[in-house]
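Notes to accompany the following structure.
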Amino acid sequence: MRHSCFVITLVLHLSLVFAAQYARSEEVIVAENPSNSFEPERELELERVDTPVPGPLPSREWRFDELRVVIRSFGTSKSSVLRVKGRVEAKGKIYCEDHSFSIGEEGAFELEVPYDGRSNRLYLARIAPDGSISHQTLSFRFKQNDQKNGQEAPDTVPVVEFNRDLDRKTYFALGTGITSIRYSQSDSRYTDYRSTVWSLKGAFNYFVAPPVWDLGFSGFVNLTTLSSNQVSDVRFIGANARLGYVFPGIEKPWRLALYGGWYYSTMVADDLSFGYRNLSGPQLYPTLRRAFSNGTAISGYLKFSLITDRLGLLNLGNHEFATGISYLVPISGNPYMIGLDYARLGFSIQGREIDTSSWSLGLSRAF
């Protein structure tokens with residue numbers, strides 16, 4: 001009961017969520033997977049321009065009813081698409097920018113393609129069931145009545161910047177996952193302890209000087225043991241504090257950051273001869289993210305942590321190495337992340353040698 005109260009208090013105090021599933025593993029930074037997901041879409045209305053272009057003569061069977069640039073915000077990043085609605089004679093499919101779109105009833109179609117603002121022209125083709133092809137070149141510009149502060153409408157859509165503006169400074173993430181642990185301790189009967197645990201994880205990030213500097217806190221706790229090859233039960237508990245620098249020279253769709261900070265970890269076991277207590281130390285790791293125009297992103301990290309015991313710095317051989325990869329995807333307007341992590345920890349204290357590793361699979365949601 002005492003252990004349960006301690007765990008619950010720690011979870012609430014740290015705003016527990018997504019960080020690591022076993023002692024200091026699974027370092028997932030909210031800044032790497034920005035929360036608050038989506039702002040309302042911003043739309044810029046365009047108009048068609050009849051401009052002669054080289055190539056196949058455009059077919060007159062096309063009609064365009066709506067033409068807009070749609071800008072979507074996702075945390076610290078933005079993406080834009082060109083949305084076109086209209087009608088076309090005959091059946092088949094429309095091909096544009098390596099994408100295909102179905103033609104609906106009465107020839108109605110709607111297409112969205114990634115748009116970076118560098119062009120004011122779109123090439124389309126309709127392929128009928130019999131194999132015949134019709135071409136259409138769509139030239140466009142801002143509608144002339146879309147003026148701001150008395151200025152003329154620009155000739156082209158501005159390129160959407162990436163990681164240059166923030167809609168919020170504070171982010172949260174909540175998550176859970178399953179971890180497979182292997183543990184070995186030289187001075188005990190636990191030379192080959194193996195277990196599978198269910199964990200609760202959490203993180204909080206505050207952008208101190210956006211978009212370059214951000215401060216983060218994270219924590220985790222093993223809620224219950226799902227399976228084990230030993231009778232003894234154990235819980236891993238950890239917390240992290242860190243400061244990160246996002247390299248401003250890295251252009252979209254990439255994001256490179258370097259984080260450093262301090263961690264704390266301990267084990268709660270019903271056998272006092274089992275495990276370690278109150279470890280802490282500095283940590284350093286780089287992260288890299290690649291975002292995509294559809295709002296998804298993939299990110300990875302490497303982590304190296306030194307280990308101290310009662311404020312005494314141990315040698316470089318006593319450390320933890322961790323790495324992981326995660327995929328972020330928006331579902332029904334909310335960002336979810338699936339992550340796979342690996343961690344290896346090894347150290348020696350007062351003749352006790354401990355070596356442990358873990359694999360973790362987790363799911364989290366950002367807020």
Open item on the list: Being crowded, with 22+ Cβ neighbours inside 10 Å, in the same structural domain as Ser305 (by TED's automatic domain parsing) and in contact with a Gly (Cβ under 7 Å, 6 or more places away or on another chain) narrows it down to one residue among Ser358, Ser326; which is it?
Closed with: Ser326
- [ ] Of the numbered conditions (1) more than 22 Å from Gly300 (Cβ to Cβ); (2) surrounded by 15 or more Cβ atoms within 10 Å (Cβ to Cβ), Gly261 fails exactly one; give the number of that condition.
- [x] (1)
Task: strands (runs of 3 or more DSSP E) (entirely within region 184-280) containing at least 3 residues that are of a type in the set (Gly, Ala, Ser) and not assigned by TED's automatic domain parsing to the domain that holds Ile349 - done: none
Open item on the list: If I filter region 273-283 down to residues being at pLDDT below 90 and among the polar types (S, T, N, Q), which single residue comes out as nearest to Ser80 (Cα to Cα)?
Closed with: Ser280
Open item on the list: What's the number of the only condition in (1) at pLDDT below 85; (2) on the phi > 0 side of the Ramachandran plot; (3) surrounded by fewer than 17 Cβ atoms within 10 Å (Cβ to Cβ) that Asp270 fails to meet?
Closed with: (2)
Open item on the list: Please verify whether Pro253 is in contact with a Lys or Arg (Cβ under 8 Å, 6 or more places away or on another chain), farther than 29 Å from Ile181 by Cβ and at pLDDT below 90, treating the condition exactly as stated.
Closed with: yes
Task: region 131-146, residues that are of a type outside the set (S, T, N, Q) and either part of a strand (DSSP E or B) or at pLDDT 85 or above (or both) - done: Ile133, His135, Leu138, Phe140, Arg141, Phe142
- [ ] For residues that are buried (at least 17 other Cβ atoms within 10 Å of the Cβ) and either over 30 Å from Gly295 (Cα atoms) or of a type outside the set (Asp, Glu) (or both), scanning just region 331-354, find the one that is nearest to the chain's Cα centre (by Cα).
- [x] Met337
- [ ] State which residue is nearest to Arg141 (Cα to Cα) when the search covers only region 105-125 and only residues that are modelled with pLDDT under 90 and more than 34 Å from the chain's Cα centre (by Cα).
- [x] Ala125
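Please state which one of Gly238, Gly275, Gly202, Gly219 is in contact with a Lys or Arg (Cβ under 6 Å, 6 or more places away or on another chain) and under 21 Å from Ala343 (Cα atoms).
Values: Gly275 fails: in contact with a Lys or Arg (Cβ under 6 Å, 6 or more places away or on another chain); Gly202 fails: in contact with a Lys or Arg (Cβ under 6 Å, 6 or more places away or on another chain); Gly219 fails: in contact with a Lys or Arg (Cβ under 6 Å, 6 or more places away or on another chain).
Sole residue among the options that is in contact with a Lys or Arg (Cβ under 6 Å, 6 or more places away or on another chain) and under 21 Å from Ala343 (Cα atoms): Gly238.
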- [ ] Scan region 234-248 and give yes if some residue there is within 30 Å of Ser80 (Cα to Cα), out of contact with any helix residue (DSSP H, G or I) (no Cβ under 8 Å at 6 or more places or on another chain) and surrounded by 14 or more Cβ atoms within 10 Å (Cβ to Cβ), otherwise no.
- [x] yes
Task: Search result, residues across region 196-232 that are among the hydroxyl-bearing types (Ser, Thr, Tyr) and in contact (Cβ under 8 Å) with a residue 40 or more places away in the chain - done: Ser199, Ser218, Ser232
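Quick grid of which residues meet (1) at pLDDT 90 or above; (2) within 18 Å of the chain's Cα centre (by Cα); (3) within 24 Å of Ser326 (Cβ to Cβ):
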residue: Val159; (1), (2), (3): no, no, no
residue: Thr170; (1), (2), (3): no, yes, yes
residue: Thr196; (1), (2), (3): yes, no, yes
residue: Gly202; (1), (2), (3): yes, yes, yes
residue: Phe217; (1), (2), (3): yes, yes, yes
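The values are calculated or read from the model by the stated rules, or taken from the named source; none is laboratory data. Every value quoted in this text rests on a predicted model; they were computed, and no experiment measured them. All Cβ positions, even for glycine, are placed from backbone atoms using ideal geometry, and neighbour counts span all protein chains on display.
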